[in-house]
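Down below is the structure, laid out as structure tokens.
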Amino acid sequence: MDPAPAAGLVAGSHQRNELHVMHGHEEPKETNRNSNVKICRVCGDEIGAKGDGELFVACHECGFPVCRPCYEYERSDGSQSCPQCNTRYKRHNGCPRVEGDEDEGAEMDDFEDEFQIKSPRKIHSHHRFDLNSENGEQVVQQRRHNGSALSSFAGSVAGKDLEAEREMEGGMEWKDRIEKWKTRQEKKGMLNRDDGENDEENNDEDYMLMAEARQPLWRKVPISSSKINPYRIVIVLRLLILIFFFRFRLTTPANDAYALWLISVICEIWFALSWILDQFPKWFPINRQTYLDRLALRFDRDGEPSRLLPVDFFVSSVDPLKEPPIITANTVLSILSVDYPIDKVSCYVSDDGASMLLFDTLSETAEFARRWVPFCKKYNVEPRAPEFYFSQKIDYLKDKVQPTFVKERRAMKREYEEFKVRINALVAKAQKKPEEGWVMQDGTPWPGNNTRDHPGMIQVYLGSQGALDVEGNELPRLVYVSREKRPGYQHHKKAGAMNALVRVSAVLTNAPFLLNLDCDHYVNNSKAVREAMCFLMDPQLGKKLCYVQFPQRFDGIDRHDRYANRNVVFFDINMRGLDGIQGPVYVGTGCVFNRQALYGYDPPKSEKRQKMTCDCLPSWCCCSGRSRKAGAKKGGGLGLLGFRKGKKKGEGAMGVSKKGYRKRGFELEEIEEGLEGYEELEKSSLMSQKSFEKRFGQSPVFIASTLVEDGGGLPQGTNTAALVKEAIHVISCGYEEKTEWGKEIGWIYGSVTEDILTGFKMHCRGWKSVYCVPERPAFKGSAPINLSDRLHQVLRWALGSVEIFLSRHCPLWYGYGGNLKWLERLAYTNTIVYPFTSIPLLAYCTIPAVCLLTGKFIIPTLNNFASIWFIALFLSIIATGILELRWSGVSIQDWWRNEQFWVIGGVSAHLFAVFQGLLKVLAGVDTNFTVTSKAAEDSEFGDLYLFKWTTLLIPPTTLIILNMVGVVAGVSDAINNGYGSWGPLFGKLFFAFWVIVHLYPFLKGLMGRQNRTPTIVILWSILLASIFSLVWVRIDPFLPKQRGPILKPCGVEC
């Protein structure tokens, strides 16, 4: 790993031209930068050159980039055809013959482009393939030999002399190239040069390894047709039944309760539309399977330098007093010990509260990591967060064979307990802030004493020279970042902090991939990053992926999951459905990003198969099959910013097409090489620099880093002595002014749910995402199991959706004409519309109580034919749920908890989010709901029974009371009116019990344990007591009964 700035806090403000160093620091060195080479689209290896130094081209029809080993493997054991154009491969010089070569004729033994001297009749029809063209696109270039055109080569040269010379050169060149090829394969570990008796066996083994390494890194696992086809059929049937159901509802109004009927019909229509938005994006669910062994064979072989691409981890924190520092420390430790090359991992921790507590916690964490990281990698323990590893109730000796494991585990557990005590001491010290402010260990005042007015701060703990573990090995880089904050600036909360991390990481390490985690989400699967690399480093799919999303899994949730904290239905059903369309939505954590996608670039365009046209037409003819890029000339140079520049026709260097700029995004393919003339270079470079500064900000180092592709790293020629100062500059509070940050670049501003908005913008540009569900959960976090905290969490999510709905980025009207698929648009529309379902849901849950109290109903008397539609609708709803559980594997308990909390959240948090969002966006009034806490029990899941009063509890509490009173009144009225009134009462009671059953978890959380008396006993006791009291009053046995005939009024007016 390249050395980074050594221990020492660096604080400064770019606007004030200040830079202070505490404890001193060393400047980081430049990271390695991968060279721009042609990559094989089959195995991902480099495509070597031929003996004459030219690029190896397997197919001369389309130029699809394939390396020589893959070409020979395809000819011997494959289809013998090009993967792109399906043209049969012709035999190259030195390649063994295969069946079918005889049909090509003797003249096809050797290709004429293997030698520099060509036959005159082949000169004008032969094409070269540009080394830098995407996917081997044909670029017509005139062949030159020693500066003179081959077309001037006279046809009077004797053909026999040419043939003899070619045969002599061919024999010698063939032997030399075979030796060179064997040498290259030996260096890659693909070939064994042993000449002993076991040479054939070793070659067979190496051949199998080569074949395995070329296999795909992942595959789609479609849902079985026996499971998915009945599911789709039931969805279509349910849609048809809904049409006939609404036809009946609209044509048969309840005249005696017209208002109730109208309200119920409007609510039911809204529910049907919401169901369509939620259901149809689940039409194409898929699963994916990764192959980590193939990834290792291809990019991470033993005894060779790893070719896996670097990853920058982002951990965000705001207030360490609310987010326990020990949890953040565990997250950081799990990142530092991931199963990934050490020099490829960097961890950036964002402290948006400028807390000295977190600063000191990371210092202790870095020291403990020197012991924890080698322990994890030596014994391959899981998970690698010490708090959760030592607390898991499993047999930790399983699969452990080292005799020293038990002894070292005990010692490590003791050291971790001592580490926890030191962290607890820091937390206790931070409870009361001194009047003079916090002071660092060397007596320097803490720069972040004023959390709203402080300079930017950067501290590198690990990853520098001397930062080694106890075994003398290097450790991954750990960087503390606190962005500058000044009064009068908009800082955009978490989204602004994440964008600051993007810029800092680009200046210091510039890894091509970013993985963001919340401070309470630790790495539960040490191979999670490798799982993501199976997709991101795939030669075909990787270039089109904006991110790989992992599902969220949680610890510390009660077994029954009363408030659906696990959200299993969303992560195991909805997200898998989206994975079959354009990809899952971004959920805010546990996501590996492609850095280029965050920069607002458009994805590479899909290559279209060229039409078979006549090549004899001139290049300007519209019927010509030649590429429009054929006139591009190879060349280029370094511009003012230190990166390569190119020129397209009608554009300046580094130019962006008008189409791409209208879409406010760059196309990666449009950054090409080649400039002519110094004046044009200087002019175009200046124009390019101004346009890039307008988008990315005024940092030449950062702008140069945005243009580095194929492995990331810092641009060549970067002044490493100025990196820390430049990093302070890019996190200054005024850096984003008059730029595209938060608008088109990075995390998007404008909503508290910046995750949905950020993923939506990427999908609109045409990027795809992937849902990765490894067998062992990749990440685990904590979730609020208390009722009030859970409702406030849902309130924040719903408020963000309302903000997006009222913004210009609403999926209902944004991004048309782009690359967002229609089913993906339906899914995004559902994510921002669902809070508005709370209004019809609240009305619909109130209707049963009103019907029971007034004796009216929303449905008139049903005949036999009309009742069929009601029965069919209920059966289709049940069948849809059962078949959905069948293909997804979700348990019926999780499904039912999700249905219950949909009602609980809908009539409380979602309802308040709608009004709060309307007030915030339309009137500019920001309202907050306070939470009052009472003491909780010090037992497992004690927070589950913690009662916190909040305004969100009022609507569902009112609904429960109304429906319970309505049930009592309805039963009393039926008893009073006799046997004939029980029939109409059945529908009303069913409706009311539907509401009560869905709100039952809320009632249970509202009442708490009640001295451990089961809530169901209390509920039924109150209900039965009320009914018994009313019946008792109606019978009233203590009053004398009237005897004699019962007098009734006469029906005749007399």
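Every number here is computed from the coordinates shown, using simple stated rules; none is lab data. The shown structure was predicted, so the numbers you read here are calculated from the model rather than taken from an experiment. In this analysis, Cβ positions are derived from the backbone assuming ideal geometry, glycine residues included, and neighbour counts consider all displayed protein chains.
Under the rule a/c < 1.5 gives rounded, and otherwise a/b versus b/c splits prolate from oblate, where does segment 370-484 land using the Cα gyration tensor?
Prolate.
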Under the rule of at least 5 residues apart or a separate chain, name every residue whose amide H is placed under 5 Å from the amide H of Asn287. Val221, Ile223
Under the rule of at least 5 residues apart or a separate chain, name every residue whose amide H is placed under 5 Å from the amide H of Arg553. Phe779, Gly781
Amide H partners (placed H, <5 Å) of Leu478, local residues excluded: Cys347, Tyr461, Leu462, Gly463
At what distance in nm do the modelled label points of Ile276 and Val236 sit from each other, each positioned 7 Å from its Cα along Cα→Cβ? 1.7 nm
Would you mind counting up the charge near Arg452? Only other residues with Cβ under 9 Å from its Cβ, with Lys and Arg at +1 and Asp and Glu at -1. +1
Per residue, how big is the convex hull of segment 239-312 when only Cα atoms are used? Give it in Å³. 132 Å³
Counting pairs on different chains as well as pairs 8 or more places apart, how many Lys pairs in segment 506-612 have Cα atoms under 17 Å apart? 4
Using 0.36 nm per residue of separation minus the Cα-Cα distance, give me the extension gain between Val997 and Arg410 in nm, one decimal. 206.4 nm
Take the alpha carbon atoms of segment 242-401, find their radius of gyration, then divide it by 2.2 N^0.38 Å using N residues; give the quotient. 1.81
Show me, for segment 797-814, the HN-Hα J-couplings you get by feeding each phi into the Karplus relation (A = 6.51, B = -1.76, C = 1.60, θ = phi - 60°), rounded to Hz, glycine and proline as x. 4, 5, 5, x, 5, 5, 5, 5, 4, 8, 10, 6, 8, 4, x, 5, 9, 9
Relative to a virtual label point 7 Å from the Cα of Thr854 in the Cα→beta-carbon direction, which members of segment 805-848 show backbone nitrogen distances below 15 Å? 843-848
7 Å from Cα along Cα→Cβ at both Thr958 and Ser391: what's the point-to-point distance in nm? 4.0 nm
Apply the Karplus parameterisation 6.51 cos²θ - 1.76 cosθ + 1.60, with θ equal to phi minus 60°, to every residue of segment 525-532 and state each ³J(HN,Hα) to the nearest whole Hz, in sequence, with x for glycine and proline. 10, 5, 9, 4, 5, 5, 4, 5
Determine the shape class of segment 554-596: with a ≥ b ≥ c the square roots of the Cα gyration tensor eigenvalues, call it rounded for a/c under 1.5, and otherwise prolate if a/b is greater than b/c, oblate otherwise. oblate
